Amino acid sequence: MTGLRLRSHSGAWYRFDPGALCLELLPTGGPGEFARWETLHTPQAFDDWLGACRLRPTPELTARAPEMAAVRRLRDALWGLVLARVASRPLPEAELTTLNAAAAHPPLSPALAPDGTRAWAAGGTVEQLLSTVARDAVELFTGPFAERIRMCAADNCQLVYADTSRPGRRRWCAMEHCGNLHKTRALRTRRATPP
């Protein structure tokens with residue numbers, strides 16, 4: 001099952017599928033107003049994200065402090081690009097440079113394990129992982145869902161996703177979270193309004 005397990009403001013867990021690997025990095029924090037959600041303080045936090053993201057099997061990588069800074073730098077660049085796309089603004093040059101520099105490195109290499117399952121070639125690096133994430137972003141921004149990169153329609157939610165649904169009418173980060181909250185509020189409003 002794809003998607004991240006996130007905890008709501010009320011403490012309830014829900015599944016959020018942003019539709020792309022690169023977008024799965026965004027809920028770990030970010031620049032400016034997103035800094036309050038920062039989780040990538042330690043290599044263990046990076047390992048936790050790596051185990052939760054859609055890359056399967058989970059690559060066995062160890063991030064050191066300089067690599068953690070590179071992960072956050074790419075994530076912050078992704079935020080700038082995504083927010084520009086959501087607002088229909090030109091993509092910012094500095095963020096494009098960061099993304100393209102990461103994508104220029106070799107990505108993680110898939111391999112076939114002796115038991116016939118998918119694996120990753122030995123010796124993978126954090127730099128290769130960042131290239132894999134950056135290349136995923138290039139595919140997203142140039143592919144069929146480029147115009148479907150959206151922010152959740154809830155007033156107090158800033159989760160971003162690629163609407164990969166067939167009709168292309170997804171409005172919420174997760175129906176079981178913001179979608180249900182919206183439905184509950186709408187129902188209460190209808191019940192409170194006299195006929």
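The values are calculated or read from the model by the stated rules, or taken from the named source; none is laboratory data. Given the structure is predicted, the values throughout are model-derived calculations rather than measurements. Backbone-built Cβ (ideal geometry, glycine too); neighbour counts: all protein chains shown. Heavy atoms of the whole protein, side chains included, go into the accessibility calculation; ligands, DNA and RNA do not. Shrake-Rupley method; radii C 1.70, N 1.55, O 1.52, S 1.80 Å.
Listing for the model above:
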item	result
Qualifying residue in the range 56-77 (condition: within 21 Å of A174 (Cα to Cα) and either acidic (D, E) or not in a loop (DSSP other than H, G, I, E, B) (or both))	no
Which numbered condition L6 fails, given (1) of a type outside the set (S, T, Y); (2) over 16 Å from L140 (Cα atoms); (3) open to solvent by 50 Å² or more (accessible area, probe 1.4 Å); (4) not in a loop (DSSP other than H, G, I, E, B)	(3)
Helices (runs of 4 or more DSSP H) completely within the range 80-195 that count 1 or more residues being under 16 Å from the mean Cα position of the chain (by Cα) and at pLDDT below 95	none
Number of the exception - D17 against (1) within 15 Å of the chain's Cα centre (by Cα); (2) closer than 15 Å to V71 by Cβ; (3) of a type in the set (D, E)	(2)
The listed residue being free of Cβ contacts under 8 Å to residues at least 12 places away in the same chain, open to solvent by less than 60 Å² (accessible area, probe 1.4 Å) and out of contact with any Phe, Trp or Tyr (no Cβ under 9 Å at 6 or more places or on another chain), out of A70, A84, A45, A52	A84
Residue in the range 15-33 that is on the phi > 0 side of the Ramachandran plot and loosely packed, with under 11 Cβ neighbours inside 10 Å present	yes
Failed criterion for E60 (all others in (1) surrounded by 15 or more Cβ atoms within 10 Å (Cβ to Cβ); (2) at pLDDT below 95 hold)	(1)
Conditions (1) in contact (Cβ under 8 Å) with a residue 60 or more places away in the chain; (2) within 12 Å of the chain's Cα centre (by Cα); number of the one not met by S8	(2)
So E38, is it among the acidic types (D, E) and open to solvent by less than 50 Å² (accessible area, probe 1.4 Å)	yes
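Listed here are the residues, each with its yes/no results for (1) surrounded by fewer than 20 Cβ atoms within 10 Å (Cβ to Cβ); (2) in contact (Cβ under 8 Å) with a residue 40 or more places away in the chain; (3) in contact with a strand residue (DSSP E or B) (Cβ under 7 Å, 6 or more places away or on another chain); (4) not polar (S, T, N, Q).
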{"site": "A65", "(1), (2), (3), (4)": "yes, no, no, yes"}
{"site": "L96", "(1), (2), (3), (4)": "yes, no, no, yes"}
{"site": "P106", "(1), (2), (3), (4)": "yes, no, no, yes"}
{"site": "A113", "(1), (2), (3), (4)": "yes, no, yes, yes"}
{"site": "A121", "(1), (2), (3), (4)": "yes, no, yes, yes"}
{"site": "V126", "(1), (2), (3), (4)": "no, yes, no, yes"}
{"site": "V138", "(1), (2), (3), (4)": "yes, no, no, yes"}
{"site": "T142", "(1), (2), (3), (4)": "yes, no, no, no"}
